[in-house]
Structure formats: structure tokens, C-alpha cells
1. List the pairs whose first member sits in the stretch 44-55 and is closer than 19 Å to Q86 by Cα and open to solvent by less than 40 Å² (accessible area, probe 1.4 Å), whose second member is of a type in the set (G, A, S) and in a helix (DSSP H, G or I), and whose Cβ atoms are under 6 Å apart, counting only residues at least 6 apart or on separate chains?
2. So which residues in the stretch 283-330 are touching a strand residue (DSSP E or B) at 6+ places or on another chain (Cβ under 8 Å) and open to solvent by 20 Å² or more (accessible area, probe 1.4 Å)?
3. What about A95, is it touching a residue at least 24 places away in the same chain (Cβ under 8 Å) and among the hydrophobic types (A, V, I, L, M, F, W, C)?
4. With respect to Y77, is the statement that it is at pLDDT 85 or above and not hydrophobic (A, V, I, L, M, F, W, C) true?
5. Quick check: anything in the stretch 100-117 open to solvent by 40 Å² or more (accessible area, probe 1.4 Å), of a type in the set (G, A, S) and under 29 Å from S32 (Cβ atoms)?
6. Can you name the residue in the stretch 66-97 that is part of a loop (DSSP other than H, G, I, E, B), open to solvent by less than 40 Å² (accessible area, probe 1.4 Å) and out of contact with any helix residue (DSSP H, G or I) (no Cβ under 7 Å at 6 or more places or on another chain) and is also farthest from T314 (Cα to Cα) among such residues?
7. Given the structure, is T162 β-branched (V, I, T) and free of Cβ contacts under 8 Å to residues at least 40 places away in the same chain?
Amino acid sequence: MHCHSARYSWTLDGLAAGMVGYDAKADGRNNSKLEVAVAGSVSGFVTRALISPLDVIKIRFQLQIERLCPSDPNAKYHGIFQAIKQILQEEGPTAFWKGHVPAQILSIGYGAVQFLSFEELTELLHRANLYETHQFSAYFICGGLSAGTATLAVHPVDVLRTRLAAQGEPKIYNNLREAVSTMYRTEGPLVFYKGLLPTVIAIFPYAGLQFSCYRSLKRAYDWVLPPDRKQTGNLKNLLCGCGSGVISKTLTYPLDLFKKRLQVGGFEHARSAFGQVRSYRGLVDLAKQVLHDEGTKGFFKGLSPSLLKAALSTGFMFFWYELFCNLFHCMRIEDR
């Protein structure tokens, strides 16, 4: 993608490095807070639309008590391709976008809050002269804190998204408005914060690793393939984002599974068509039951679609964010 004017001509690839977080050496190239928030929102919107089918499959795998194995006759799902075929046959193609409206609200809000918080936190560290000597730690801490802030802001929408994506046919909730009113009436306001504890515990290291590994992988990429006139910045952002997503998701995956199981607590009647259901008294009880009933492999159910989703979602997240930040910068130059 190119940006042209009568006085300037450059590619967005050429500007792609170093746009995530505040840069004290940017010489006026840092984006405004509004531009950061908009870039984060658009990044979340586009990414969510593209990876929604993988998210639905991942949630179905995480909530299945039976082993994800063809040899288990009671297992509804036992592989990605089998799950795709089964869902298509039973629920049609629209099933892969179940819960998509709250998921988009979640992604837009989360992206804006996360990247804006990250920008503010990295600027704070720069001004405190703590950034240059602790760059990996700075990205880890700022990434974790920014994601924690975003999680607290949008967690109720995440619960709604999980409920809508997890239900089978016939549907318990026909739309978002019905889901909100029914859940509030039958389970009380705290239902919208189910699974918050493992979410907050998991999101700090997950997002911290996303941002810090992304920065480290970009540096490694430049070391292996030194920047040249081929201008491969956008490809670098995509590949390094994919790598950071896989690393961070693998290291924090069990807590993501715990979160999904807790979020559908009290919703067991809608899960009966999918096999066994369980009730959990809390995070510790959940961990004990999974270990007892499903073994250590139970902590990693749905890992394969989750890693594929994490690679694509994190890669797209950083790719689109940096692309739109660069686009905004080009537009400012054009207006001068």
C-alpha cells in the first residue's frame, strides 16, 4: 500500500516498524490518542470477522467433557474438520458466526481500550526513564496491564458471546437482547462477570507475552533478514504477530479453558445436546474435576483450533493496527 503527495512518496511498509506503543524518537510521528483508539477498534473488527469460525469451534471443544477422540462413541466432536462438517450439517453455515454481534462489540471495545492503554503506559515509562533499560519487561508489563484494563471494560460482552456461541439447537437465546434480559432475570447481574478471575489471571501473561514476543520476534526478523529496499514491513508484522500469538496462547491455555467452562455455569440445559455437562463451585473445583474426569490432556482441549486462531488473530491484530496507524500518519502528512 502506498501513500503519495506532491512532496512525499513512500510506502506504508517503509513506516511499519515501531508503531506499537509510544516512541520517544518518533519526531512527531506518534499517532494521536483518537487515532490509536480507532486503529485498535478497526483492527479488532476486521480480525474478529475473519477468525469467528475458529473461535466457535474452539469454544465447542473447550466445553466438551468427553475426549476429543474418534474412539470415544459419546464424543460429539473429535477433530477440526469433523467439527466443521458436523456443525454445517446440524446448524448450517451461520453457526460459525453465532454470537458474532457481541463478539464484534467485544473486539471493537477491547481493541480500542487495549492499544490506547498500551500507548499511555509506554509513554509513562518513557517519561520515567525506565523504558530503554527494560524494554522486554516494559512491553510485558504494559501489555498485561492494558489487556487487564480492556478485560474489565468488556467482560460482560465476552460472557454473552460465549453463551451465544455455545448453545445448540433449539436456541435458548434468539438474539443479544433476549440473552441479556433472560440472564439478568434468571441469574442476576453477577452472571455477566462469571469467569472473570481466571480471565484476569490469564490475560496478564497472555497479552504481556503477545506484546513482548511481538517486539522480540520483529528484532529477530530484522537480524535474520536485514531491512532492505524490498519493503517487507507488513509481512514482518503479520508473521511476527502470528508467532507471538502461538507462544502466548500455548503458555496460558488452561486458564482460557477454565474461563469458558465457568462462563457457561447455570447454562447446562442448553448444552445437553453436546454430551455430558458439569457444574463447578469455582476455579479450584473446576481444575480438580477436569484433572479427575479428563486427565491432564483435559486442560488442553481445543488447543489445536485455539493455536490456529491465536496465530491468525494476533497476526491480523498487529498487522491491521500498524497498517491503520501508518495510514493515519500518511493522511496527516497529506494535509500539511
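1. Close Cβ pairs (under 6 Å, with a partner that is of a type in the set (G, A, S) and in a helix (DSSP H, G or I)) amount to I51/S313.
2. Matches in the stretch 283-330: L327 only.
3. On the way: touching a residue at least 24 places away in the same chain (Cβ under 8 Å): yes; among the hydrophobic types (A, V, I, L, M, F, W, C): yes.
Criteria met by A95.
4. Values: at pLDDT 85 or above: yes; not hydrophobic (A, V, I, L, M, F, W, C): yes.
Yes.
5. No; the residues of the stretch 100-117 include none that is open to solvent by 40 Å² or more (accessible area, probe 1.4 Å), of a type in the set (G, A, S) and under 29 Å from S32 (Cβ atoms).
6. If we take residues in the stretch 66-97 being part of a loop (DSSP other than H, G, I, E, B), open to solvent by less than 40 Å² (accessible area, probe 1.4 Å) and out of contact with any helix residue (DSSP H, G or I) (no Cβ under 7 Å at 6 or more places or on another chain), then D72 is farthest from T314 (Cα to Cα).
7. Numbers: β-branched (V, I, T): yes; free of Cβ contacts under 8 Å to residues at least 40 places away in the same chain: no.
So T162 does not fit the description; no.
The values are calculated or read from the model by the stated rules, or taken from the named source; none is laboratory data. As the structure is a computational prediction, the values presented were derived from the model and not from experiment. With ideal geometry, Cβ positions are generated from the backbone for all residues, glycine too; neighbour counts draw on all protein chains shown. Heavy atoms of the whole protein, side chains included, go into the accessibility calculation; ligands, DNA and RNA do not. Shrake-Rupley method; radii C 1.70, N 1.55, O 1.52, S 1.80 Å.
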